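Heads up, the thing below is written out as C-alpha cells.
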Amino acid sequence: MGALETDATGDDRRQEILRVATRVFAEHGFQTTTMEQVAKEVGFTKPIIYQHFGGKDALYEEIVTTTAARLLVSLQAATSAEQSPRQRVESAFRVYFELVVQESDAFRVLFLQAGSNEHSKQLRAVEVDLVSFIEPLLADDLNDDHRRELAGGVVGMAEGAAVVWLVRQARRGWPEPTPDEASVLAKRIATLAWGGLRATAQR
C-alpha cells in the first residue's frame, strides 16, 4: 500500500486516478491499457481503483466528461455578449487550442484513443455540445438551420486541426510546444473559419 493510497482523501484519490489514467490511455491506447497498469502507475491497489471507477469504460467516460466540461467552461468565460461575432469566434478558437496544447493527453484520449462504438457516441455528444455553444456566437441574421450548419463546420475545423497537431506531435516524439503554438493554430483556423462564414452568410 503506497503513501498516496493512505494519505489521500476520496476526492484526491479520484482526481489522481483520472490524471494518471489519462496519461496511460494517451500513451498506450485504450485497448491495450489494463486496470492493473493504471493501479501500478498511480500507486493504488486495484480495489481502490474499482471503488471509484467500475472499469476502463467508466474511466474513459469520466475523462471525456471532465475534459468537455473544462472546455465549455473555458469557452463561456472567454466569450461575451459585448464582443462582435468575429471576436467571439476568434476567442473560442484561442481557448480551444490553448486547452488542446496544455492538456494534450486528454485530447489524445478524446480524439485518437476511442476504444469502442460507445466511446465514439460519447465524442459525438461532446461535438453536439460544442455546436450548441458556437451556434449563438454567429451572426444574428441567419436562420436557425443555417446557423447550426455553420456552427458544425466551425467545430469540425477546430477538431480536424487539433487531430493534425496531435498526430504531428506524436510523430515528432512530443516536443515541448512553443509558447505561441496555441495562438498560431487559433489564428490560422479563425482566419479560415471567418472567411468561410462571411462568404456563406452572404449567399
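What follows draws every value from the coordinates through simple rules; no lab data is involved. Quantities reported herein were computed from a predicted structural model and do not represent experimental measurements. Note that we place each Cβ from the backbone using ideal geometry, even for glycine, and neighbour counts take in every protein chain shown.
The value of relative contact order for the chain, using C-alpha pairs under 8 Å at least six residues apart, is 23 percent.
Counting Lys and Arg as +1 and Asp and Glu as -1 over every other residue whose Cβ lies under 15 Å from the Cβ of W174, the net charge comes to 0. Extension gain for R148 to Q102 (0.36 nm times residue separation, less C-alpha to C-alpha distance): 13.7 nm.
Can you tell me the FRET efficiency between A125 and E27 if r is taken as the Cβ-Cβ distance and R0 is 22 Å, rounded to the nearest 0.05? Approximately 0.30, to the nearest 0.05. Ordering F93, F53, F44 from the fewest to the most neighbouring beta carbons within 10 Å gives F53, F44, F93.
Dividing the convex hull volume of the alpha carbon atoms of the chain by its residue count gives 137 Å³ per residue. For L110, what is the net charge nearby, where nearby means another residue's Cβ is under 11 Å from its Cβ and Lys, Arg count +1, Asp, Glu -1? Within the 11 Å Cβ shell, the charges total -3. Sites listed here are trypsin sites (Lys or Arg not before Pro) in segment 151-198 whose DSSP assignment is loop and whose Cβ has at most 13 other Cβ atoms within 10 Å: R172. Considering only C-alpha atoms, what is the centroid distance from segment 131-160 to segment 68-130, in Å? Measuring centre to centre over Cα atoms gives 14 Å.
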